[in-house]
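Here the structure is laid out as structure tokens; the discussion comes afterwards.
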Amino acid sequence: MLKKGGRGPLFAFWTLLLAMMSGGALASTEYLSQEAFLSQAFDGAEPETRTLWLKGPLKSELNELMGEKYAKLRVRYWQRQGRSAWVLESIGKDKPITFGYVVESGVIVQAKVLVFREHRGWEIHREAFTRQYSGASLQDQRLSQSIDGISGATLSVHAMNRTAKMALYLADHVTQ
């Protein structure tokens, strides 16, 4: 029996829900696993896994391109018959967002949001948004085509633009 003025089950429920939301437990959504992304990227065929070390001028130019310091020392990518797939992360507002890109002949042929961990901006995972990246290339450190933003998802869109440029840049620096 609850004492008068005590905290009951409804208070406990709201406290738990608030704690989960602020701690990020509810804010992480996997839209597509890395394995499923790679299977789609290479039509079910097995690509070769490779590693690109980020050092020297490559690292400096990458940092300049992204407009931020990229902390990782290497990037793993997958390649098959002139096509490369990249799984990259960038911070949206507070947390990393995981993206997948398929690059062929210097052009993005597929862009996906694999895991979204932010509280806002999740709309970027929708096909109507991600298909804007198809056909994009890198010209003078910018994407060759304009990407329409989403109200309330500005930082998530910026994160996707950064990683799209990164995928194109890195794809240009690997041997086919």
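The values are calculated or read from the model by the stated rules, or taken from the named source; none is laboratory data. The model shown is predicted, which means the values in this text are computed figures rather than measured ones. All Cβ positions, glycine included, derive from the backbone under ideal geometry; neighbour counts span all protein chains shown.
A count restricted to the stretch 75-99 and to residues that are modelled with pLDDT of 95 or more, more than 17 Å from N63 (Cα to Cα) and out of contact with any Phe, Trp or Tyr (no Cβ under 6 Å at 6 or more places or on another chain) stands at 7.
Filtered by the rule that a residue be surrounded by 18 or more Cβ atoms within 10 Å (Cβ to Cβ) and not β-branched (V, I, T), the stretch 72-88 gives Y77, W78, Q79, R83, S84, A85, W86, L88.
Checking A71, A164, A128 one by one, the residue that is under 15 Å from the mean Cα position of the chain (by Cα) and either at pLDDT below 95 or under 20 Å from E30 (Cα atoms) (or both) is A164 and no other.
Within the stretch 29-54, being surrounded by 13 or more Cβ atoms within 10 Å (Cβ to Cβ) and either among the hydrophobic types (A, V, I, L, M, F, W, C) or in a loop (DSSP other than H, G, I, E, B) (or both) holds for Y31, L32, A36, F37, L38, A41, F42, P47, L52, L54.
Under the condition of being assigned to a loop (DSSP other than H, G, I, E, B) and not charged (D, E, K, R), the residues counted in the stretch 90-105 number 2. Filter the stretch 156-176 down to the residues that are of a type outside the set (V, I, T) and either part of a loop (DSSP other than H, G, I, E, B) or more than 25 Å from R50 (Cβ to Cβ) (or both) and list them by number. Of everything in the stretch 156-176, those that are of a type outside the set (V, I, T) and either part of a loop (DSSP other than H, G, I, E, B) or more than 25 Å from R50 (Cβ to Cβ) (or both) turn out to be S156, H158, D172, H173, Q176. Here K69 meets each of (1) assigned to a loop (DSSP other than H, G, I, E, B); (2) surrounded by 13 or more Cβ atoms within 10 Å (Cβ to Cβ); (3) touching a helix residue (DSSP H, G or I) at 6+ places or on another chain (Cβ under 6 Å) with one exception, condition (2). A19 fulfils the conditions (1) surrounded by fewer than 16 Cβ atoms within 10 Å (Cβ to Cβ); (2) modelled with pLDDT of 95 or more; (3) farther than 20 Å from R131 by Cβ except for a single criterion, (2). Taken residue by residue, the stretch 133-155 has at least one member that is acidic (D, E), surrounded by fewer than 12 Cβ atoms within 10 Å (Cβ to Cβ) and not in a strand (DSSP E or B). Residue pairs, Cβ under 7 Å, 6 or more apart or interchain, first in the stretch 130-143 and under 13 Å from E104 (Cβ atoms) and aliphatic (A, V, I, L, M), second modelled with pLDDT of 95 or more and loosely packed, with under 15 Cβ neighbours inside 10 Å. List them. Sorted first by the residue in the stretch 130-143, then by its partner, the pairs are A136/S144. Put simply, of G106, G92, G100, G121 the only residue that is surrounded by fewer than 16 Cβ atoms within 10 Å (Cβ to Cβ) and either in contact with a Ser or Thr (Cβ under 9 Å, 6 or more places away or on another chain) or touching a residue at least 24 places away in the same chain (Cβ under 8 Å) (or both) is G106.
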